[in-house]
Amino acid sequence: MLSVHQWVPAAHKGDAIGDSARRVRDLLRARGHESDIFALTIDDDLRHEIRPFADPAARRGDVTIFHFALPSPMTAAFASLPGGRVLQYHNITPAHFFADYAPQIYRLAMLGRQELATLVGHADLALGDSSYNRDELDALGFAPTGVMPIAVDLDRITRAPRRPALEKVLGDGLINFLFVGRIAPNKKIEDHIRLAEHYKRYVDSHYRFIFVGRHDAVPSYYATMRALMEKYRMPADRFWFTGPVPNADLAAFYRCASVYISLSEHEGFCVPLLEAMAASVPVLAYGATAVPETMGGAGVVFAPKDLELAAELLGRLTYDDRLRADIIRGQHARLDAFSEARMQAHLDTLLAPFA
């Protein structure tokens, strides 16, 4: 058996990368391996299970999996490790998305890509969590490369306790359309607002667009979205920006959604697509970057970005019961690619050269 540790710059509950690392740790331990997660910053409620990066044990793994998504002191430390080094790249949103809104994030994105390039030749294996991310690693010169998907914890959606009060609010007769993720420029929230205008004009006026996730990450972008709503004279009660929510509330939002919508123009993987599938919510997604790969032929993926067409598709997914049933069936089948057995197989393949 091996000692297989993981490094994540920041351990936050509800964060896709941190949650994936915790699931991978549990799968490794179930296989009999010694495994811990080390982080530079750790949420208080995770301190009982995540160890500080300053702990000398962080550098003593037979294999270290470094989850890379932003610049940090971990990068140089990883390059100098004596043991097996596995880089898992979770993508960095291209800096140009932030140029008009957040100079600091623009700078971090630029630095992140520069820092990633310094690891070429310093990883025994470089993995993308999608083929889209792997292609970027190949272009930089990493070798060998591969794909290992994010280990998604769908139980937090499918096994969450009910939230009767919230579900009553959501069941007031309006059709709920859901987006989950931070309110950031690459997510193209402005296109959701424009889609709502098309939907109201051509399909139905009984709708509500719900955005679950942080809206303080890029404040100027969020302010721009609010201004756009005013420009279109959109009723404020039809657009709900919830901010971060507990898992039980998140599951309720999924349960009460008629359709999950993704109009993002840059995704390295996009975990909420799988969460919506697990919650039996039809997905309507613009087919950019890694989104078609994650969808794997399930849901409804469209391109180019024709919002009038998207409004028509949204109406069909909402009101055509036969189509909804077919889409949901296909999405459930797609989830098999991310099952525990598949993840165990990925990990066994990853560790075979180090055994």
Whenever you get a sec, compute what percent of the accessible area on the chain sits on carbon and sulfur atoms (1.4 Å probe).
52 percent
Phi angles of region 44-53, converted by Karplus (6.51 cos²θ - 1.76 cosθ + 1.60, θ = phi - 60°) into ³J(HN,Hα) in whole Hz with x for Gly and Pro, give 4, 7, 10, 5, 6, 10, 10, 9, x, 5
A correct Karplus calculation of ³J(HN,Hα) over region 167-179, with 6.51 cos²θ - 1.76 cosθ + 1.60, θ = phi - 60°, whole Hz and x for Gly and Pro, returns 5, 5, 4, 6, x, 8, x, 7, 7, 9, 10, 10, 10
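Rounded to the nearest 0.05, what FRET efficiency do Arg214 and Met1 give with R0 = 30 Å and r taken as the Cβ-Cβ distance? Could you check?
0.15
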Can you check what the Kirkwood hydrodynamic radius comes to for region 3-151, Cα pairs only, in Å to one decimal?
15.6 Å
I need the Kirkwood Rh of the chain: take the reciprocal of the average 1/r across all distinct C-alpha pairs and report it in angstrom.
21.3 Å
A correct Karplus calculation of ³J(HN,Hα) over region 341-355, with 6.51 cos²θ - 1.76 cosθ + 1.60, θ = phi - 60°, whole Hz and x for Gly and Pro, returns 4, 5, 5, 4, 5, 4, 5, 4, 5, 4, 8, 3, x, 9, 5
Can you compute the modelled spin-label distance between Gln114 and Asp326, with each label point 7 Å from Cα toward Cβ, in nm?
5.2 nm
Compute the angle between helix 219-231 and the longest alpha-carbon principal axis of the chain, please, reported from 0 to 90 degrees and rounded to the nearest 10.
10 degrees
How many nm separate the modelled label positions at Arg51 and Ala248, each set 7 Å beyond the Cα in the direction of the Cβ?
3.3 nm
Amide H contacts under 5 Å for Phe241, restricted to residues at least 5 apart in sequence or on another chain and with H modeled in the peptide plane, are Phe211
Tell me which residues come under 5 Å, amide H to amide H, from Arg85 once H is placed; ignore anything under 5 positions away on its chain.
Thr64, Asp124, Leu125
What is the distance, in nm, between label points placed 7 Å from the Cα along the Cα-to-Cβ direction at Thr349 and at Ala77?
3.0 nm
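Just add up the charged neighbours of Leu137: K/R +1, D/E -1, any other residue whose Cβ is under 12 Å from the Cβ of Leu137.
Taking every Cβ under 12 Å from that of Leu137, the sum is -2.
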With every protein chain left in place, what is the accessible area per residue of the chain in square angstrom, probe 1.4 Å?
43 Å²
Kirkwood hydrodynamic radius of region 154-337, from inverse mean 1/r over distinct Cα pairs, in Å
16.4 Å
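The values are calculated or read from the model by the stated rules, or taken from the named source; none is laboratory data. None of the values given here were measured: they were computed from a predicted structure. Positions of Cβ are generated from backbone atoms using ideal geometry, with glycine treated the same way; all protein chains shown enter the neighbour counts. To get the accessible areas, we keep the full protein, side chains included, count just its heavy atoms, and leave off ligands, DNA and RNA. Shrake-Rupley method; radii C 1.70, N 1.55, O 1.52, S 1.80 Å.
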